Every structure is written in C-alpha cells, then in structure tokens.
Amino acid sequence: MSMRDVKLCLLGDSGVGKSSLVMRFVTDSFKPALESTIGASFMTKTVEVDGNTYKFQIWDTAGQEKYRALAPMYYRGAAAAIIAYDVTRESSFKSVKSWVQELRHQGHPNIVLAIAGNKCDLEDLREVRLKDAEDYAKQIDALFCETSALTAVNVADIFTKICKKLPSEDF
Ligand code: GDP
Ligand code: MG
C-alpha cells in the first residue's frame, strides 16, 4: 500500500468539456451551465487503484487562445495530461494534434498522455469517428477513451488507466 501525488493537467479547446470532466470525476456531478474557466482552476481527488492510493492534483486550463501561453506552467512537471476534444467538433480534434506536438517537445519525456473524446452522448451530432481517434491515439502511444461528463461514461476509467500507466519507480 503506497500513496502517490499525481500532478495532472487538462488541455484542449474551449468548450470541449474539460471543466465538466473534472467536476464529474471529483464530485460525480454535472452542471449544464458552468462558468468558463479563467486562466486555470485546481482541484484534488484521491483514488485507489490496485491497492495503491493516488492523489490527483488537477490543473484544469482554459482553452482560449489568449491563455495558451500559460499552458506550459501547468503541463511542466505534470506526470500526466488529458487532452480533450468534442466528438461533435472536428476542429477540436485537430487541436489535440497540436497539443500532442507541443507536449512532445516541451513536456516531461515520460508524461502519460491520455486523449478524451468527450460528449459521446451526442451520437447524432458526431463529427469525429471513433476509429480515427483510436488509431491516432495508438499511433502516438496515448491512452484513449470516448467520455461523457453528462452521463459519466468512461470518466473515472480514464483516470484509472492513467494510474495503471504511470511509471512505477516511485512506489
Ligand atoms: P471547457 O471549456 O472545456 O471547460 O468546457 P465546459 O466543461 O465548460 O463545457 C462546455 C459546454 O459543454 C457546457 O455547456 C457543458 O454543459 C457542455 N458539456 C460538457 N461535457 C458534456 C458532455 O459530456 N455531454 C454534453 N452533451 N455536453 C457537455
Ligand atoms: Mg473550463
């Protein structure tokens, strides 16, 4: 039994549901009208996976371009990053690729990357195919889930997957 702090940051376009994902994970709730994030917000959540305790320190960044220059403050030193897109917005999936490039160049070399295709409850409005996103994630060796902060589907799972993939030396 051991305890581990995990600094994690959420990245992705504004409106894809980053804050809603964090709220679902931390408080298991959904508020349809969250205020949009200014700069970044911070929350913690402790989970147990395979008999180990992980204390997530979650930095939820704002997606707007004007805050983009601040992002390195949050992903530097992060053990994991979740890059979120909205399955109903193709442009938000394109942005995932630019975040991945940036993290590969500026982030910690061992950072665990996870991609979350959020709003998978909106199947009728889908613009990003599941297979395309899965293939991309596999190609870059990132974890992947389609999630819904609204219905809670796969939200805890993505954090569990991250725990399992963290390098184990610290234990
Ligand atoms: P952020 O800018 O990435 O932090 O996005 P927010 O969490 O503020 O969410 C943006 C909008 O998308 C809000 O109106 C949310 O209620 C909505 N939203 C977030 N997650 C979901 C989801 O999984 N499904 C649906 N249908 N709407 C969502
Ligand atoms: Mg937000």
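General observations
- Residue in region 20-30 that is of a type in the set (A, V, I, L, M), touching a helix residue (DSSP H, G or I) at 6+ places or on another chain (Cβ under 8 Å), at pLDDT 95 or above and part of a strand (DSSP E or B) present: no
- So residue 7, is it surrounded by 11 or more Cβ atoms within 10 Å (Cβ to Cβ) and away from ligand 2 (no atom under 16 Å from the Cβ): yes
- Which listed residue, of 157, 135, is more than 25 Å from residue 53 (Cβ to Cβ) and either basic (Lys, Arg) or modelled with pLDDT of 95 or more (or both): 135
- Filtered residues of region 12-34 (kept if surrounded by fewer than 17 Cβ atoms within 10 Å (Cβ to Cβ) and on the phi > 0 side of the Ramachandran plot): 15, 28
- Residue within region 157-165 that is surrounded by fewer than 16 Cβ atoms within 10 Å (Cβ to Cβ), among the β-branched types (Val, Ile, Thr) and within 16 Å of ligand 1 (Cβ to nearest atom) present: no
- The numbered conditions (1) surrounded by fewer than 20 Cβ atoms within 10 Å (Cβ to Cβ); (2) at pLDDT 95 or above; (3) not small (Gly, Ala, Ser) are all true for residue 110 except (2).
- One residue stands out in region 40-52 among those that are surrounded by fewer than 14 Cβ atoms within 10 Å (Cβ to Cβ) and in contact (Cβ under 8 Å) with a residue 24 or more places away in the chain: the one that is nearest to ligand 2 (Cβ to nearest atom), namely 50.
- Within region 55-106, if we keep just the residues that are touching a Cys at 6+ places or on another chain (Cβ under 6 Å) and part of a helix (DSSP H, G or I), the residue that is farthest from ligand 1 (Cβ to nearest atom) turns out to be 75.
- Contact annotation: residue pairs with Cβ atoms under 6 Å, 6 or more positions apart or on different chains, pairing a residue in region 143-154 that is under 20 Å from residue 32 (Cβ atoms) with a partner that is surrounded by fewer than 20 Cβ atoms within 10 Å (Cβ to Cβ) and among the hydrophobic types (A, V, I, L, M, F, W, C), are 149/30; 150/30.
- Filter result for residue 13 (out of contact with any Ser or Thr (no Cβ under 7 Å at 6 or more places or on another chain) and either modelled with pLDDT of 90 or more or away from ligand 2 (no atom under 15 Å from the Cβ) (or both)): no
- Test for residue 100: is it among the β-branched types (Val, Ile, Thr), in contact (Cβ under 8 Å) with a residue 12 or more places away in the chain and within 16 Å of ligand 2 (Cβ to nearest atom): no
- The set of residues in region 63-95 that are crowded, with 20+ Cβ neighbours inside 10 Å, hydrophobic (A, V, I, L, M, F, W, C) and within 16 Å of ligand 2 (Cβ to nearest atom) comprises 71, 81, 82, 83, 84.
The values are calculated or read from the model by the stated rules, or taken from the named source; none is laboratory data. The shown structure was predicted, so the numbers you read here are calculated from the model rather than taken from an experiment. Note: ideal-geometry Cβ built from the backbone for every residue, glycine included; neighbour counts use all protein chains shown.
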